[in-house]
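What follows is a short report on a single structure.
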Amino acid sequence: MQKLSFAIVLMLMHHLSFAQEPADMLRMAWADPTGTARQQAIGGAMVSLGGDLTAAFTNPAGLAFYRSGDFVFTPSFTRLNNSATFKNTTTASKRSALGLGLTGFVAASPTDNRKGSAAVAIALNRTGWFGNNLLYRGLNTTHSYSQKYLEEIAGVGDANLVASKYPFGSSLAFNTYWIDTIAGGSNGNFRYQSRASIGTGLIQENEIASKGGISELAIAVAGSRQEKFFYGLTLGIPFLQFERTTTFTEADPTKALNNFNYATYQESLQTSGSGINVKMGLIYRPVSQWRIGLSIHTPTFLRLTDKYNASITTDTENYKGVLTQSSKAFTNGEDAEYSYLHFTPFRAMAGLSFVIREVEDVSKQKGFVTADVEWVNYPSAAFKADPSLSDATEEKAYYKKLNTVIDAAYRSALNLRMGGELKFTTWMARAGMAYLGNPYNNIRGEEGNRLQYTGGIGYRDKGYFIDLAYIRTMGKDIHAPYRLSQQAFDLARIQQRGTRLLLTLGIKF
């Protein structure tokens, strides 16, 4: 039943104006946040360590380790290479971009063992990067993209409804003759067929280009008591921008005049919005060398707006020739626009650090090792209609089904991060690794994870510091060009290789 519901809801989304889907949740929740080069070089671990501005985005209690002020600026460079296998054909694609990582400041009061210490920080960080180019192709001899439209209109005998009720999918396919009525019917009891030549096979190609990300403004406060108990709180204000263009084409490889040459589906999606979240944490130092950290991140509440359009071009050769129709023909020449609410998953983290020669004068410390574990409750994510804009029963029912699909499609996962640093007077060497666990339930063979190896160096002297980090990411994911409820469909298997360089420039005050 879960498998059937998963496919049905995915089909519904193609003709509803509120076209969110489960993959939208994962895009925002499985993002790869940046930080300072120091934090990234040690695998991203920062729950128990502290003393780095990234603590504002992981465990704000770590800010209470500051004894003076810091200002940091972190430019970055990211390169992503994809190798996608679809129908036994492997295709490569790549994307690279410059970006801005963590930038901001922390101000701290001097330590008083009786009264404790206090710190406040304001910082901006890229907590998610959506830049990607994905391309895959292959010969499909079992089904056509158009079959999802046939499933969508099954039982709709009125051809006039088919021509107008599904402006982002089936209506476009029907009006360009990718799908057509079966001869012999009459209005009210029509049945439908695909013009695509499935019997001879179809060369299918899907190209997806996306960009954007999530930038989060953090306002954090932290304090300590007796140099053993450290606590902190962050108010996070994320700003999201996302753009995606998709072009799917299936074509007759025989080039025969059989009333089907090719069909191309194109869509454009722009998502923007902002939200709010809270992060809170504790660090306990039972003895000078050891630190134990705990942190929780509330779900981020986001109010988002989608702008969307789609078009289909079909060449049926001698039958109807080349025809194109856009969804804008149904929306007064404008993009469809819809606003909604989204709640990201709840997160909980724990960490343990051992500092070599723990003394208050950090210049005399010799290094550290640290490790984090993070639990992410992906099924807790949810979409909801924006009550300030609409109270439609249909929308509420849609989001209820969509959230049920998320519960079925995803599971909770563990992320692991660990790393360390060795100090050589003014120079530091760092290394680490991170593993992001599989968020998918295995419904149709879905599986994904990421493994990162990290390293870097740092230099600190006379109130200035420079840190450099290198992150190598290896991961796997899946992508479905379309899903069918009446028969099996195919997944593209994606192998990802990524490189990220970060440079943090800082000054103490």
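Here, each number is a calculation from the coordinates, and none is a lab measurement. Model, not experiment: these values are computed from the prediction. We place every Cβ from the backbone using ideal geometry, glycine too, and count neighbours over all the protein chains shown.
Among 68, 215, 48, a tally of other beta-carbon atoms within 10 Å of each Cβ gives an order, fewest to most, of 68, 215, 48.
Extents of region 372-509, taken as max minus min of Cα coordinates on every principal axis and listed largest first, are 65, 40, 24 Å.
As an equivalent ellipsoid, region 282-331 spans semi-axes of 62, 16, 5 angstrom, where each value is the square root of five times an eigenvalue of the C-alpha gyration tensor, largest first. Ordered by the count of other Cβ atoms within 10 Å of each Cβ, fewest first, 494, 406 give 494, 406.
Treat the count of other C-beta atoms within 10 Å as a stand-in for reagent exposure and order 383, 260, 230 from fewest to most.
By the 10 Å Cβ count, ascending: 383, 260, 230.
Helical runs assigned H by DSSP (4 residues or longer) give the chain a calculated mean residue ellipticity at 222 nm of -3000 deg cm²/dmol, each run adding -39500 (n - 2.57) before division by the residue total. Just one of (i) 26.2, 90; (ii) 29.9, 100; (iii) 41.3, 134 is Rg and Dmax of the Cα atoms in Å calculated from these coordinates, so which is it? Correct label, based on the coordinates given: (i).
On full extension, the segment bounded by residue 257 and residue 328 gains 22.4 nm, given 0.36 nm per residue less the C-alpha separation.
Applying both filters, DSSP loop and at most 13 other Cβ atoms within 10 Å, to the trypsin sites (Lys or Arg not before Pro) of region 333-435 gives 357, 366. Compactness of region 420-493 was expressed as the Cα radius of gyration divided by 2.2 N^0.38 Å, which yields 1.83.
Relative protection proxy for 250-259, 69-78, from highest mean packing down: 69-78, 250-259 (other beta-carbon atoms within 10 angstrom).
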